[in-house]
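Computed from the coordinates by the stated procedures, all read-outs in this text should not be read as laboratory data. This one's a predicted model, so the numbers in the text were calculated from it and none came from an experiment. All Cβ positions, even for glycine, are placed from backbone atoms using ideal geometry, and neighbour counts span all protein chains on display.
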Amino acid sequence: MKRIIFVFFLIIVAGPARLEAHAFLKDAIPSVGSTVQTSPNEVRIRFTENVEPAFSSIQVFNASGKEVDKRDVRLDRTDHALLRVSLPSLEAGIYKVVWRVVSVDTHVTSGNFTFQVAR
Amino acid sequence: MLTALLIIARTVQIAASILFAGIFTFDLVMLAPDGRLGSGDFQEIERRLLRLAVWSLVAALLSALFWFWLEVASISQLSLRNAFSTAGWKTVLFETQFGRVWQLRLGLIAVAFALVAAGRAQVKTRRTLIPVLWLLSVVFLVSLAWISHAAAARVQPLGLLGDVLHLCAAGGWIGGLIPLAIFLARARATASLGETVVPTLRRFSTLSLCCVSILIISGISNSCLLVGSFYALFTTAYGRLLLFKLVLFGILVGFGTRNRLAIKTKLLKVEVRSDLLPQLRRTVICEACLGAAVVAIVACLGITQP
């Protein structure tokens, strides 16, 4: 019993990093604020925790505020914290990515970032 | 407004779930071993416990529906009035983890209602039904872990395991306080229960001690995962709420220790004294009220960003 408690404490102390408990942007492709040389095929955003696809969205807008993504937001099959949306061939310019997600504990978070296509 | 309503719904739902599990844990662990279950006094206590179970189920059902309504409005970004006028509730119920957990919980409530009704109607089948109801109540309680902060964690199964243990321990200890108060009230009213009071209290005391140990260990685990640092305990809203919960928990443990050391030792040394039972019952009711306050803080923690 003492061993079990000791191992449990070891796991707690040495083990995992802190949970976020609300889904926030962890990383994105194209990266936040980055400049890419060619038009990306899709925007991929990885969140800090798993999200509910039914209530999660990514929208990509061009400089004039027109939505340019293919409106096919989907969750990655193997990674339920990775959300993707397809893009057509983009012209050079600055694009704004707006995301809103619901984590599996029902908390709603949202945010936005921009990237630039240099071509 | 929505936040305040969510806190109320969560508080009632969690409290009802803890009480429901506590009732059948008390019945199974505290009452059953005495082997006097055929006696009129025990039947009367069980009858009262089953009536309490019905009320806890009613509270669980109403707060579950209310919580679901609030979540539909929150997730779908709709007004409360419009939350059920669209297909939003179907999407929440069938396409989210929260909805799937709610399907399970509503199903368990329906089954529990039927079993409790059968137990109240037929004394003979009660003995068979109590273990089934206990198992069902534990599943009902721990299913809350799948909609908690821990469920969203990518650190699994530690997050869920900590939450499940925490809920089970709360059910065994906090949930057993009202049933204990009912038992003490009956023990005071009738002399025939006198010789069973001490063993029952001893069993409850031992179970409480185990539950407090589990609450402390799982609480440390959950806090490490959710708060992250000692500094965050004082600088974030979540940390300060958690500190407040810890203070109340400390007072609760103090009450429990006082019961264990002061009153129960007296009960063990001398004949069951009738003046000690009301005193003990009052302390137990105070503990239950403090437990309810802790549950309200847990409800606040559930909607606060760690």
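Compute the signed sum of charges (Lys and Arg +1, Asp and Glu -1) over the other residues within less than 15 Å, Cβ to Cβ, of B:L6. Charge balance in the 15 Å sphere: -1.
Cβ-Cβ distance of A:T78 and B:T257, R₀ of 41 Å, FRET efficiency by 1/(1 + (r/R0)^6): the value works out to about 0.25. The B:S85 and B:W55 beta-carbon pair, evaluated with R₀ = 30 Å, returns a calculated FRET efficiency of approximately 0.40. Shown is the FRET efficiency for B:C286 and B:Q77, computed with R0 = 25 Å from the Cβ-Cβ distance and rounded to the nearest 0.05: 0.05.
Of B:L61, B:L209, the sequence from fewest to most neighbouring Cβ atoms within 10 angstrom is B:L209, B:L61. Shielding of peptide B:146-152 by partners, expressed as the average count of other chain Cβ atoms within 10 Å per residue Cβ, is 6. Counting only other chain Cβ atoms within 10 Å of each residue's Cβ, the peptide A:105-111 averages 6. With the dipole of region A:20-117 worked out from charges on the C-beta (+1 for Lys and Arg, -1 for Asp and Glu) around the Cα centre, which of A:A54, A:L82, A:Q116 lies farthest toward the positive end? Most positive-ward Cα: A:Q116. Among the helices of chain B, those built from whole DSSP H runs whose Cα atoms reach 30 Å or more along their own axis and whose mean Kyte-Doolittle hydropathy is at least 1.6 are B:2-25.
Within 10 Å of the Cβ of each residue in B:1-11, the mean number of Cβ atoms contributed by other protein chains is 0. Note on B:L243 and A:R46: the model spin-label points, each 7 Å out from Cα along the C-beta direction, lie 3.5 nm apart. Note on chain B: helix-only mean residue ellipticity at 222 nm, from DSSP H runs of 4+ residues weighted -39500 (n - 2.57) and normalised by residue number, equals -27000 deg cm²/dmol. Using only alpha-carbon positions in chain B, the gyration tensor eigenvalues give semi-axes of 35, 25, 15 Å once each is multiplied by 5 and square-rooted (largest first).
Every Cα-Cα pair in the protein assembly as shown was counted, and those over 41 Å apart are 27% of them. With a cut-off of 11 Å between beta carbons, the residues surrounding A:Y95 carry a summed charge of -1, where Lys and Arg count +1 and Asp and Glu -1. Taking the Cα of B:R48, stepping 7 Å toward and past its beta carbon, and measuring to each backbone N in region B:155-190: which are under 13 Å? Only B:178-190 fall inside the zone, counting backbone N under 13 Å. In percent, rounded to a whole number, the relative contact order of chain B is 26, using alpha-carbon pairs under 8 Å and six or more apart.
Other residues lying with their Cβ under 11 Å from the Cβ of B:S143 contribute a combined charge of +1, Lys and Arg counting +1, Asp and Glu -1.
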